[in-house]
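Report on one structure; see the data block that follows.
The values are calculated or read from the model by the stated rules, or taken from the named source; none is laboratory data. Remember, it's a predicted structure, so these values are computed and weren't measured experimentally. In this analysis, Cβ positions are derived from the backbone assuming ideal geometry, glycine residues included, and neighbour counts consider all displayed protein chains.
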Amino acid sequence: MARFFLNSLLFLGGALASPLQERQPNFKGCDGKNAISMYCISDEVPYTREFFYVGGRPVKGTSGTSTVDQIYVEKLSPTKQWTQKHPLVFFHGGGLSGSTWLNTPDGRKGWASYFTERGYVVYLVDNNGIGRSAENDIKNFAMAAGSSTETVMKFFTAPQNYDTYPQGKLHTQWPGTGVDGDPIYDQFKQSLIPLTTNFVAQENALRAGGCELLSLLGEKAFLISHSLGSRNPLLLSNDCPQYIAGSINLEAATTPFWSYAEGLGGFPAAPWGMTNTPVTYDPPVKDPSELKNVSVGTETLAHRNCYLQKEPARQLPQINKVPYLLLTGEASIHITYDHCVIDFLKQAGGKPEWIKLADWGIKGNGHFLHVEKNNMQIASIVESWILRKSYWNKKRNQA
């Protein structure tokens, strides 16, 4: 009787499945959002997923006490036992969320899968005021709309179609056309979300919650950031370097003292050098007005001038404790000014490393290194750096 019942269920299941199977040839393919179809096979790898909130503080309001400044953290663990000692903590760029490290807009494997597949425990952070770290402190976290379609195409997905900067013509690595109406572009565009314009409040919240997160991981972490998210590793390196094995920054939006405009020129920014909130200098600085800067170099669209400290330059003793890596794409707007990040850190006593991908034979990349067609090749370079630093950290600890 039990066998008859089971066979009946199997028969019924097959009957119920047949209409879906008949419709399979008619589905619209797996480009862009069409990949949501149950017939599209994911390129992501299996992992165990958990989520947590860290940081935060209570604030009393008219309706009672609310929690503000908390950070959403998504933990992805290999389905089998992790094999790499150091966890990886990822910070997204401006107007994005931690989802940028998952699958790409055209459905390829993202960096989260790449590293979990290789035995790393991965943590994806939504920065304060963004995504699932949305703020209850509404008054202090003013928001602005995410990047416009025109900005995205000009600087990120299709710079080859514009004359904004000379290197943009070399851009070849974006999947699809990179223009409005392309299904891959449209899926990427829909991932761009509002961001806060109060960078001081955001940095202060991240500093508290970020160090708490790192203190809970059990081992020193490598921090991997993109664009505007690269402020976070600097701040955490300053505040709690004892928890950090290395800082890896893709196209860091931390140019010292300055924000570059389209064309030549720009406006002052980052009053503490590379951040909006205080970091430790030697000799000490009580007010950012004490940090005098000067323009260095001739400014062209292909190679921008830098704003560095006026000599004698103060040092960054805390930030310099953490190994620092910057990666820059050949065709990105960042290739015109990322040298300023390296020059500033060197002037402040650091030993930053800079990988210009074109020097490694990796051509045609724009701003989104972790999303573009050769993202796995770039991930392998990052992993090599992690393994090298892990080896020397181990040797140092054994000495």
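List of remarks:
- Conditions (1) buried (at least 18 other Cβ atoms within 10 Å of the Cβ); (2) in contact with a Phe, Trp or Tyr (Cβ under 7 Å, 6 or more places away or on another chain); (3) free of Cβ contacts under 8 Å to residues at least 24 places away in the same chain; number of the one not met by W272: (2)
- Test: residue in segment 336-349 that is under 20 Å from P166 (Cβ atoms), at pLDDT 95 or above and among the basic types (K, R): no
- Residues in segment 102-120 that are part of a loop (DSSP other than H, G, I, E, B) and in contact (Cβ under 8 Å) with a residue 60 or more places away in the chain: N103, T104, P105, D106, G107, R108, K109, G110, R118.
- Flag for S215 being among the polar types (S, T, N, Q), part of a helix (DSSP H, G or I), more than 23 Å from G146 (Cα to Cα) and under 19 Å from the mean Cα position of the chain (by Cα): no
- Checked against (1) free of Cβ contacts under 8 Å to residues at least 60 places away in the same chain; (2) out of contact with any Asp or Glu (no Cβ under 9 Å at 6 or more places or on another chain); (3) over 14 Å from P256 (Cα atoms), A331 passes all but condition (1).
- Output for segment 301-350, where each listed residue is part of a helix (DSSP H, G or I) and among the aliphatic types (A, V, I, L, M): I319, I333, I335, V341, I342, L345
- The residue that is nearest to the chain's Cα centre (by Cα), counting only those in segment 121-139 that are farther than 22 Å from S77 by Cβ, among the hydrophobic types (A, V, I, L, M, F, W, C) and outside any helix (DSSP H, G or I), is I130.
- Against the list (1) within 29 Å of Y243 (Cα to Cα); (2) surrounded by 15 or more Cβ atoms within 10 Å (Cβ to Cβ); (3) in contact (Cβ under 8 Å) with a residue 24 or more places away in the chain, the condition K321 fails is (2).
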